[in-house]
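> Take a look at the following structure, please.
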Amino acid sequence: MIIDVVVVSTSRHRKYGPVEKPEEAEDLSGRAILNRLEVEGRSFTYRLIPDGVEAVRGAILASGADVIVLCGGTGLAPKDLTIEAAEPLFDKTIPGFGEAFRLKSLEDVGTRAILTRASAGIVGDVPVFCLPGSPSAARLGIDLILAEIDHILHHISE
């Protein structure tokens with residue numbers, strides 16, 4: 001199984017371009033996700049892309065991975081369009097992911113958790129997860145994903 005980690009950040013992409021490692025873009029969130037994947041012995045790829053519907057949809061549709069984790073672009077600012085780009089592609093939604101993410105976030109950030117737009121769904125036979133871009137959100141999100149990804153992939157393949 002290959003997990004495609006796609007960090008969505010116009011400012012980092014503008015400053016560093018398409019990098020191959022999070023360290024090349026001072027990307028703490030991407031590094032947090034990759035650290036967990038490395039500890040778990042999971043195979044992964046990493047990409048940095050700018051915000052925007054076309055960039056995010058293009059990353060999803062061109063991936064070729066078994067799982068896609070999008071990190072960033074889920075906020076409320078006008079440029080934050082990861083959710084708007086990804087959700088229309090979902091053949092099925094996984095609402096429990098966002099619900100669990102917000103519940104766990106509530107413990108850490110209190111009522112600010114209502115601002116969290118974490119989301120997940122299935123595109124074809126590929127689970128796609130949308131995480132907020134902060135390092136703590138990246139860690140929480142990848143922990144939730146890793147706890148259930150094998151189960152999710154099993155159900156998709158039935």
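Readers should treat all values here as calculations from the given coordinates under stated rules, not as data from a laboratory. Not measured: the values here are computed from a predicted model. Here the Cβ is made from the backbone with ideal geometry for all residues, glycine too, and neighbour counts use every protein chain on show.
> So what is the 222 nm mean residue ellipticity for the chain from helices alone, if each DSSP H run of at least 4 adds -39500 (n - 2.57) and you divide by all residues, rounding to the nearest 500 deg cm²/dmol? Each step should come with its number before you reach the end.
Details: 6 runs with 71 residues, N = 158.
For the chain, the value works out to -14000 deg cm²/dmol.
> From the phi angles alone, apply the Karplus equation (6.51, -1.76, 1.60; θ = phi - 60°) to region 57-63 and give each ³J(HN,Hα) in whole Hz, x where the residue is Gly or Pro.
The phi angles translate into 4, x, 5, 5, 6, 9, 5 Hz.
> Which of the trypsin sites (Lys or Arg not before Pro) found in region 78-158 are loop residues per DSSP with 15 or fewer other Cβ atoms within 10 Å of their Cβ? Walk me through the numbers on the way to the answer.
Details: sites: 79, 92, 102, 104, 112, 117, 139; in loops: 79, 117.
Hits after loop and neighbour filter: 79.
> Still on this structure, please answer the following. Find the centroid of the Cα atoms in region 1-53 and in region 104-158, then give the distance between the two in whole Å.
Rounded to whole Å, the Cα centres lie 16 Å apart.
> Using modelled amide H (1.01 Å from N, peptide plane; none on Pro or chain starts), what sits under 5 Å from the amide H of residue 69, excluding residues fewer than 5 places away?
It is 4, 5, 6, 129, by chain and number.
> Please compute the contact order of region 20-86 in relative form: average sequence separation of alpha-carbon pairs under 8 Å and at least six residues apart, divided by the residue count, as a percent.
Details: 53 pairs, mean separation 19.7, N = 67.
For region 20-86, the relative contact order is 29 percent.
> Ratio of the chain's C-alpha Rg to 2.2 N^0.38 Å, to two decimals? Walk me through the numbers on the way to the answer.
Working: Rg = 14.2 Å, N = 158, 2.2 N^0.38 = 15.1 Å.
Rounded to two decimals, the normalised Rg is 0.94.
> If I take R0 = 35 Å and measure r between the Cβ atoms of residue 62 and residue 154 in this structure, what FRET efficiency does the formula 1/(1 + (r/R0)^6) give, to the nearest 0.05? Don't skip to the end; give the middle numbers.
Working: r = 25 Å, r/R0 = 0.72.
For residue 62 and residue 154, the calculated efficiency is 0.85.
> Return a whole-number percent for the relative contact order of the chain, with Cα pairs under 8 Å and 6 or more residues apart as the contact set. Please report the intermediate quantities before stating the final value.
Values: 294 pairs, mean separation 40.7, N = 158.
In percent, rounded to a whole number, it is 26.
> Length gain on complete extension for the stretch residue 54 to residue 147, per 0.36 nm per residue less the alpha carbon to alpha carbon distance?
Values: separation 93, 0.36 × 93 = 33.48 nm, distance 3.03 nm.
That pair, residue 54 and residue 147, stretches by 30.5 nm at full extension.
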